[in-house]
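The values are calculated or read from the model by the stated rules, or taken from the named source; none is laboratory data. Keep in mind the model is a prediction, meaning the values are calculated, not measured. All Cβ positions, glycine included, derive from the backbone under ideal geometry; neighbour counts span all protein chains shown.
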Amino acid sequence: MFTRENIDGVLNAGGNVLTTDGDKIGSIGQVYADDNSGEPTFVTVKTGLFGTSESFVPLEGARIEGNDILVPYTKDQVKDAPRVAEDGHLEPGEEDRLYEHYGLGGGTTYTDTTRDTGRTDTYASRETTGTMGRDTSAGGTDDAMTRSEERLRVGTEQQATGRARLRKYVTTENVTQTVPVEREEVRLEREPITEENRGAAMSGPDMTEDEHEVTLHEERPVVEKETVPVERVRLDKDTVTDDVTVQEEVRKENIDTDTGETRR
């Protein structure tokens, strides 16, 4: 909000008028104040070669930043504004032409506070009757005000949370099995001489030295290993659903009705 105090500070600092994008329009010239409230309502901008030309700019929607004033208008819009004499007073017709150019409503006479002398000239104001409402936050408007509010739009997005893989590795374990094996052992058998084996017993020499060999055999375990498939393993995915509560702040506009008599 512009007050007499902060405007005086900007005037004494010799600031500039800029667009909201930061482009310089020109240096600050004079400030025009409302006759009823005394609050600043117009500022003149010195443009042209050596600042020889001044253009009027409404202070509605403007703000102070440092030593400068930022207005919601383009440089061309300000330079093309209707030419009004900087004589310390705005006539109703001049004011209406300026508001029409900037897309605002009309209606009041203003005083001029000059930076050089600090002098304030006061002139009579006229009532703003029979005019449409004016939205002070933007450009032109009709007789209705739009109320807006924020709504939440909650959706889902898919993102990777991890990876799973199958890995096969070899381990060793001891397996014990019992296998029966056979072996041959020597057993000495004696049999007496009988009529049946006498012939075989007497077939050799009467008295000699002799040897007789017998080969012994035994079984030993033989181990062989073979690889056989036992099962197949694969990865699969299941989808589960969880409920997640989302909490966020939303803004909404509210409209109040002021039925009191208004004057600029």
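Name every residue in segment 5-31 that is assigned to a strand (DSSP E or B), under 22 Å from E100 (Cα atoms) and touching a Leu at 6+ places or on another chain (Cβ under 6 Å), in order of residue number. Selection gives L18 alone. Note on segment 139-194: residues that are farther than 30 Å from K237 by Cα and in a loop (DSSP other than H, G, I, E, B) total 35. Whether a residue is surrounded by 10 or more Cβ atoms within 10 Å (Cβ to Cβ) and of a type outside the set (G, A, S) was assessed, and E253 passes this test.
How many residues does segment 42-53 contain that are outside any helix (DSSP H, G or I) and either farther than 14 Å from N16 by Cβ or at pLDDT 85 or above (or both)?
So in segment 42-53, the residues outside any helix (DSSP H, G or I) come out as 42-48, 52-53.
So of that shortlist, the ones also either farther than 14 Å from N16 by Cβ or at pLDDT 85 or above (or both) come out as 42-46, 48, 52-53.
Of the residues in segment 42-53, 8 are outside any helix (DSSP H, G or I) and either farther than 14 Å from N16 by Cβ or at pLDDT 85 or above (or both).
Among the criteria (1) outside any strand (DSSP E or B); (2) hydrophobic (A, V, I, L, M, F, W, C); (3) at pLDDT 85 or above, the one I64 does not fulfil is (1).
Candidates are the residues of segment 29-46 that are surrounded by fewer than 18 Cβ atoms within 10 Å (Cβ to Cβ) and polar (S, T, N, Q); the one that is nearest to E60 (Cα to Cα) is S37.
Restricting segment 92-117 to residues that are over 47 Å from the mean Cα position of the chain (by Cα) and either assigned to a helix (DSSP H, G or I) or modelled with pLDDT of 80 or more (or both), which is surrounded by the fewest Cβ atoms within 10 Å (Cβ to Cβ)? The extreme case among them is G93. Taken over segment 67-84, the criterion of being assigned to a helix (DSSP H, G or I) and touching a residue at least 24 places away in the same chain (Cβ under 8 Å) is satisfied by K75, Q77, V78, K79.
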